[in-house]
Amino acid sequence: MCGRKGHRAKDHQPPAQGSLAAPEANAEAIHFLSNLQQEELQMLMFSETLAMVSDTGEPEGELTIEVQRGKYKDELGMMSSCVLVHAFSRGFMDRMLCGNSLLGYLSWKLHIMEQHSQEFIKFHILPMEHKMSLVKQDDQLTMTRSVKEGEEMKTEVTFFPGSSTVGFISQAANLVLLRVMAWRQTVPNNARFLALDTEGKLCYSTYVRGFPGSGSWPGENPKGWGGGLG
C-alpha cells in the first residue's frame, strides 16, 4: 500500500456464475467516460512519486507515475494527440528485488490505443518476468502476454472484438481515472467498468471512496500490473 489518500479500485468481479454472456460495462460507466473533457485531463498532467509501504509500515520501494500529452502513430501512419502514461516502480517483496513498468497511449476519452507493461521478480532460484501488450487495431483489441521463468518462455495471443471492450479501463487509464476522481472529489458509485483479471479475461471493475485517513493504491495490484498465463 502507498500513502495516497482518495479513491481506490474495488477487487475485480467476475461475471455471475452460470452465465454464458460476456461481461458488459453498464450505461453509467460508458456515460462517465464519454463526458471526460480534454481540458480537464490536461490539468491532471504531472509527475508524482509515491512511497510503497507494507501493512506493518515498512518501506518497500517507490512508484513513479507520469501523465503528459503525447503523440501516437497508428498502423496507417496517422499521427494524433493522446494521453501518454508512464509508470514504474522498484522495491522488495520478501527481500527479493521486484519491479514493474507501464507505458500507455490513451485517447482523450481514455480509450486504449496501445499499452505495454512488464513485471519482474528476482527469485533466488528461478527469476520470473511477465510482459503484456495491448494494441487496438481494426476495431479489435489484441493482447499478447508472455511469461519467462528462468530460460523458459510461454506466450499467448488473445483477440477481443471492439464491441466487447466498450467501457474497458486499461491499467494506464486506471491511473488517469483515479486522478479525475480525486480532482472531482467524487466516484461513479453505480458505474461498472470492464478490466482484465490476472488470467487476461474481461471482468467487471468498480470504484469506491477510501475511508478518511486511509491509504489507497492507484491500481488493482500494488505488487505488479501483469498476470501470469493460465
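The values are calculated or read from the model by the stated rules, or taken from the named source; none is laboratory data. If you're wondering where the values come from, they're calculated on a predicted model, not measured in any experiment. Cβ coordinates were reconstructed from backbone atoms using ideal geometry, including for glycine residues, and neighbour counts include every protein chain displayed. Ligands, DNA and RNA are stripped out before the accessible areas are found, and what is left, the full protein with its side chains, is counted by its heavy atoms. Shrake-Rupley method; radii C 1.70, N 1.55, O 1.52, S 1.80 Å.
What the table below lists for this structure:
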| quantity | calculated |
| --- | --- |
| His111 being open to solvent by 70 Å² or more (accessible area, probe 1.4 Å) and under 14 Å from the mean Cα position of the chain (by Cα) | yes |
| Neighbours by Cβ (under 7 Å, 6+ apart or cross-chain): first from the range 189-200, farther than 13 Å from Leu177 by Cα and among the β-branched types (Val, Ile, Thr); second open to solvent by 10 Å² or more (accessible area, probe 1.4 Å) and part of a loop (DSSP other than H, G, I, E, B) | Thr198/Gly227; Thr198/Gly228 |
| Search result, residues across the range 38-76 that are without any contact (Cβ under 8 Å) to a residue 12 or more places away in the chain, assigned to a loop (DSSP other than H, G, I, E, B) and either under 14 Å from Val180 (Cα atoms) or open to solvent by 80 Å² or more (accessible area, probe 1.4 Å) (or both) | Thr56, Glu58, Leu76 |
| Qualifying residue in the range 15-22 (condition: surrounded by 13 or more Cβ atoms within 10 Å (Cβ to Cβ) and modelled with pLDDT under 95) | yes |
| Odd one out for Thr165, checked against (1) at pLDDT 90 or above; (2) in contact with a Ser or Thr (Cβ under 8 Å, 6 or more places away or on another chain); (3) surrounded by 14 or more Cβ atoms within 10 Å (Cβ to Cβ); (4) not small (Gly, Ala, Ser) | (2) |
| Subset of the range 77-87 (residues that are open to solvent by 50 Å² or more (accessible area, probe 1.4 Å) and not in a strand (DSSP E or B)) | Met78 |
| Among the candidates Lys148, Lys122, Lys154, residue that is within 12 Å of Gly99 (Cα to Cα) and open to solvent by 50 Å² or more (accessible area, probe 1.4 Å) | Lys122 |
| Answer from Gly150, Gly99, Gly167 - the residue that is within 18 Å of Leu50 (Cβ to Cβ), among the small types (Gly, Ala, Ser) and touching a residue at least 12 places away in the same chain (Cβ under 8 Å) | Gly99 |
| Residue match in the range 167-177 (condition: more than 16 Å from Gln115 (Cβ to Cβ) and either basic (Lys, Arg) or in contact with a helix residue (DSSP H, G or I) (Cβ under 8 Å, 6 or more places away or on another chain) (or both)) | yes |
| Candidate set: the range 180-192, residues that are open to solvent by less than 10 Å² (accessible area, probe 1.4 Å) and over 12 Å from Leu110 (Cα atoms); chosen: the one farthest from the chain's Cα centre (by Cα) | Ala191 |
| Which numbered condition Thr142 fails, given (1) touching a Ser or Thr at 6+ places or on another chain (Cβ under 8 Å); (2) open to solvent by 30 Å² or more (accessible area, probe 1.4 Å) | (2) |
| Residue among Met181, Met143 that alone is out of contact with any Cys (no Cβ under 6 Å at 6 or more places or on another chain) and more than 19 Å from Glu119 (Cα to Cα) | Met181 |
